[in-house]
Amino acid sequence: MNSKVVEITELPARHFPGMDGLTDPDIRSILDSANTFVFPANKQVSAPGTRSELFILVLSGSIRVQVVTDSGREIVLYHVRPGDGCILTTSSLISGENFPAEGITDTSTEVLALSHSAFDKALDESAAFRRFVFSNLGQRLADVISRIEQLCSPSIDRHLAGLLVKPRRIATTR
C-alpha cells in the first residue's frame, strides 16, 4: 500500500466534480492531509463485522461490495467506482455500527482516505462537504435499492421461461 498527500486543487477537478465547492480553508487542511492508498486486485479492503475507520473515495479502479449468504452465495450489492464513495462505509462512520458486508477490489484500486475524525470534522465544518457526502449517499442508496429489486423480482423473461419448461399434467378421462 502506497501513501501520499493529495493536493486539494487536484481533488475536485480530476475526481469528484460534486466537491468543486470545497474551497473553504478549514476543509482544505483536512483534505490536504488525506492519504491515498493503492490496493492490488482481489484484495479485501473491508470485512463484515468490522468498524469503519476510514472514509474512502475511489480515485481509480473499482471495489465490489458484497454479502455472502449462509449457503456461500455471493451477492454483489454495488461497485464503488472512480468518483464514488462507499455508502456502507459512510453509514458505518455516521452511525458507529459495524460494516455489514465485504469490499474486494476488482482491479488495482487507488483510494483517497480520510480518517474517521477528519471525516467527522469535515461534516461538522463544511456545508459543501456535507452536501457532497449526502448527495453521494442518496444516489448510491437508490442504486442499491434498484439492485435489490433486480435480485428479488424475477424478470419477465425468466418467469416466461419457467412457465414454458414447467411440466404440465394432462388430464385423462376413463
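A short reminder: the numbers here are calculations on the coordinates, not readings from a lab. Bear in mind that the values here come from a model prediction, so they are computed numbers and not experimental data. Cβ atoms come from the backbone with ideal geometry, glycine included; neighbour counts cover every protein chain shown.
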- Per-residue HN-Hα couplings for the stretch 45-61, Karplus 6.51 cos²θ - 1.76 cosθ + 1.60 at θ = phi - 60°, whole Hz, x for Gly and Pro? 10, 8, 10, x, x, 9, 7, 7, 10, 10, 8, 10, 10, 7, 8, 8, x
- Task: Name the residue farthest towards the positive end of the dipole of the stretch 29-127 from the options Ser91, Ser62, Ala127, assuming +1 on Cβ of Lys and Arg, -1 on Cβ of Asp and Glu, about the Cα centre.
- Result: Ser62
- Under 5 Å from the placed amide H of Ser62, counting only residues 5+ away or on other chains, we find Asp106, Thr107
